[in-house]
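This report concerns only the one structure given below.
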Amino acid sequence: GITCPKPGSARRCLSAAAPHGISPMLAQSRLPSFLLLLPRLRSLAPGLAMSSATGTVTVQQPLNYRAGARVHPADGGQLEEVFEPATGRVLCKLPCSGEKEVDLAVQSAKAAFKIWSQMSGMERCRVMLEAARIIREQREEIATMETINNGKSIFEARVDIDISWQCLEYYAGLAGSLAGEHVQLPGGSFGYTRREPLGVCVGIGAWNYPFQIACWKSGPALACGNAMVFKPSPFTPISVVRLAEIFTEAGVPKGLFNVVQGGAATGQFLCQHPDVAKISFTGSVPTGMKIMEMAAKGIKPVTLELGGKSPLIIFSDSDLDNAVKGALMANFLTQGEVCCNGTRVFVERKILDTFTKEVVKCTRKIKIGDPLLEDTRMGALINLPHLNRVQGFIKQAKEQGAEVLCGGDPYVPDDPKLKNGYYMRPCVLGNCKDDMTCVKEEIFGPVMAILPFDTEEEVVERANATKFGLAGGVFTRDIQKAHRIVAALKAGMCFINNYNVSPVELPFGGYKFSGFGRENGRAAIEYYSQLKTVCVEMGDVESAF
């Protein structure tokens, strides 16, 4: 029989486990500002999920961060409501930053850049290691705030925070190794290259991994000697400000990592600012296109990590237990709100019925509810409009002939304080065809589409028949077949016999409409630095004149 995944069984989670001997609550005394957000924190036992905090938190502090302090924006004025997905409550009203505030943040970062860029790689390394240490110590508090603002389970949020500090540790290690090369030329002359920072970089984050994305962008940026102005999604503005405070506590020059808040208008001010050297964006394809257009007018390099509709291919010779677990990991992390999810699950026809039966059985067992409870494995979607959008995709799928094998309906937890939260049951769709909207378009919710296939050649062609190219996966015991498949997939991140693992050592990014540029791994260094060539003449000039 199939064993459904249990807490801690996911390789993604095991690979990000915290080191032994580190208590997640060691740093309470270093959290005076954060404790204002979570007034009950001190009374909690170490490691205890704060179910009592659901529905109780309000945010009163400024959420902009500039020159080493939380600040109210200098201009803007428009207020956006920020919700707690688990309850539907308003956490705060967010003032959007205007052009003046954006300029102040950029100028502050520009001043800090002059100091940071002149420090040695080893000096930057030590500061970044200290930031990673603080995050590691404050793991529980940061994960709790992430859960309250995003809606994902505390179980997942802890993994996100672990990956975040690992990212900073990784790039701290690379900071001291950044170097050019020496090239010998004729006659004793020579040349050399210098790897230099770009300047003030802009990071624009998404709402599904607010803190982690900020670390994925700031880690390589700061390691290379850059400064950063970061704009989180207006849906999830809270945790990134804590990262800014941590960088300051760790010893970066004040202003090196600033936070501005707002929506499209604020993002436009950032992208068009003449002192911004580079833009890194995670989000939707339409917004990515607009950012690319704005960046082109200033000849600014961009990194775009956009949407996906990734294939997961299950062959009949695969380990069925692992394949089922892989399909769940590929579709239901963070309520399905993951850009690289393998939402088109291609299953070899001879095991279609067996696989589908087991996936449905395990999907029905997923515990939905209060995301701060330890046994919850699926929390709330980000907001009501998005929940309605996902429901619309399921309705359209049924109209087009797909069969809802389980879930897909809104879910109302028993706890009365959760009755206005944005919950739904994870959904598995059968009888799907390649031309259905639910198979072609990114749903960004807990919806898995199962499609049968017969031959290797057929499934590769169908898997690549999409405008996206972010990820892909294959489950098979035939290692030659596995490597043939991933070589043929037109996708930037491929998995063999696993899915959605996130080691910071490996580059992450897409093909086609899923964007370009890479985050994580050594490859990201290329996107946050530039190469200067120096040619040295050791003899006399041979003039043509």
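The values are calculated or read from the model by the stated rules, or taken from the named source; none is laboratory data. Note that the structure is a prediction, hence the values are computed from the model and not measured. Glycine also receives a Cβ, built like all others from the backbone with ideal geometry; neighbour counts cover every protein chain displayed. For the accessible areas, the whole protein counts, side chains as well, though only heavy atoms, and no ligand, DNA or RNA atoms are used. Shrake-Rupley method; radii C 1.70, N 1.55, O 1.52, S 1.80 Å.
So what is the 222 nm mean residue ellipticity for the chain from helices alone, if each DSSP H run of at least 4 adds -39500 (n - 2.57) and you divide by all residues, rounding to the nearest 500 deg cm²/dmol?
-11000 deg cm²/dmol
Counting only heavy atoms of the protein chains, get the accessible area per residue of the chain (1.4 Å probe) and round it to a whole Å² value.
Here the residues of the chain average 39 Å² of exposed surface.
Taking H as built 1.01 Å from N, whose amide H comes closer than 5 Å to the amide H of Phe475, not counting residues under 5 places away?
Answer set, sorted by chain and number: Ile313, Ile314, Phe315, Asn497.
By per-residue mean of other Cβ atoms within 10 Å, what is the highest-first order of 334-345, 416-427?
Ranking the peptides 334-345, 416-427 by packing returns 334-345, 416-427.
Sorted by accessible area with a 1.4 angstrom probe, largest first, how do Glu442, Glu505 fall?
The residues order as Glu505, Glu442, largest area first.
Give the shape of the stretch 317-414 as rounded, prolate or oblate, defined through the alpha-carbon gyration tensor: a ≥ b ≥ c are the square roots of its eigenvalues, a/c under 1.5 means rounded, and otherwise the shape is prolate if a/b is larger than b/c and oblate if not.
Taking the square roots of the gyration eigenvalues as a ≥ b ≥ c, the stretch 317-414 is oblate.
Looking at the square roots a ≥ b ≥ c of the eigenvalues of the Cα gyration tensor of the stretch 49-135, which shape do they give, rounded for a/c under 1.5, prolate if a/b is larger than b/c, or oblate?
oblate
Rounded to the nearest 0.05, what FRET efficiency do Thr354 and Lys433 give with R0 = 35 Å and r taken as the Cβ-Cβ distance? Could you check?
0.95
Obtain the nm distance between the two label points defined at Gln272 and Asn498 by a simple spin-label model: each point lies 7 Å from its Cα along the Cα-to-C-beta direction.
Modelled inter-label distance: 4.5 nm.
For the chain, what is the relative contact order in percent, using Cα pairs closer than 8 Å and at least 6 residues apart in sequence?
Relative contact order here is 18 percent.
In percent, what relative contact order does the stretch 306-402 have, based on Cα pairs under 8 Å that are 6 or more apart in sequence?
It comes to 26 percent, rounded to a whole number.
So which of Lys100/Lys278; Lys325/Lys490; Lys152/Lys433; Lys152/Lys395; Lys231/Lys398 end up more than 27 Å apart, counting from Cα to Cα?
Lys152/Lys433; Lys231/Lys398
Quantify, in whole percent, the carbon and sulfur part of the accessible surface of the chain (1.4 Å probe; protein heavy atoms only).
Using a 1.4 Å probe with all protein chains present, the chain comes out at 55 percent carbon and sulfur.
Name the shape class, rounded, prolate or oblate, that the alpha-carbon gyration tensor gives for the stretch 68-115, where a ≥ b ≥ c are the square roots of its eigenvalues, rounded holds for a/c under 1.5, and otherwise prolate holds if a/b is larger than b/c and oblate otherwise.
Prolate shape, in that a/c is at least 1.5 and a/b is the bigger ratio.
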